[in-house]
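First comes the structure, then the notes that go with it.
The values are calculated or read from the model by the stated rules, or taken from the named source; none is laboratory data. As the structure is a computational prediction, the values presented were derived from the model and not from experiment. The area values use the complete protein model at the heavy-atom level, side chains included, leaving out ligands, DNA and RNA. Shrake-Rupley method; radii C 1.70, N 1.55, O 1.52, S 1.80 Å.
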Amino acid sequence: FFCEFGISYVNYALPSLTMDQGKVVPSRLAFDAGGRDLVPLETSERLMQAGDVNDVIFPSGFNLGSENMLYVRSVFRFKLYCCTTFDSNAVKKKFLSETNEVVQ
């Protein structure tokens, strides 16, 4: 989940609904920003709280229900090929050093 969709406010604001055949009530929410309808702000805030991602998305000190929010964060993880077990420590350290320069 963390890699595929990331952690973002929009994922919780626009969840996809899974509907079982012949049913009208959704059986499942997928927090993937693939939904068509925006859920109420209170609902998305409570879903983020239940998912324990508030500290990731909102700035420190932010209180749920507050309207004084200037920004939110989105977090993504990427998988990069580094090396093999046969590569020397010098090759591994070089890759990590170059990657850290890009990230910072």
What are the residues whose amide H is under 5 Å from the amide H of residue 32, where those residues sit 5 or more places off or on another chain and H is modelled from the backbone? 16
Please compute the per residue accessible area over the chain with all protein chains in place, 1.4 Å probe, rounded to a whole number of Å². 79 Å²
Need the full-extension length gain, residue 46 to residue 33, defined as separation in residues times 0.36 nm minus the C-alpha distance. One decimal, nm. 3.1 nm
Tilt, helix 89-103 to longest principal axis of the chain (alpha-carbon atoms), in degrees rounded to tens, equals 40 degrees
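Quick check: at a probe of 1.4 Å, how many percent of the accessible area of the chain sits on carbon and sulfur atoms? Walk me through the intermediate numbers first.
Values: 4490 of 8240 Å².
Within the chain, the accessible surface is 54 percent carbon and sulfur.
Give the relative contact order (percent, whole number) for the range 7-86; include only Cα pairs under 8 Å separated by 6+ residues. Show your work: numbers first, answer last.
Working: 93 pairs, mean separation 24.1, N = 80.
Once normalised by length, the contact order is 30 percent.
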A student applying the Cα gyration tensor rule (rounded when a/c is under 1.5; otherwise prolate if a/b is larger than b/c, oblate if not) would label the chain oblate
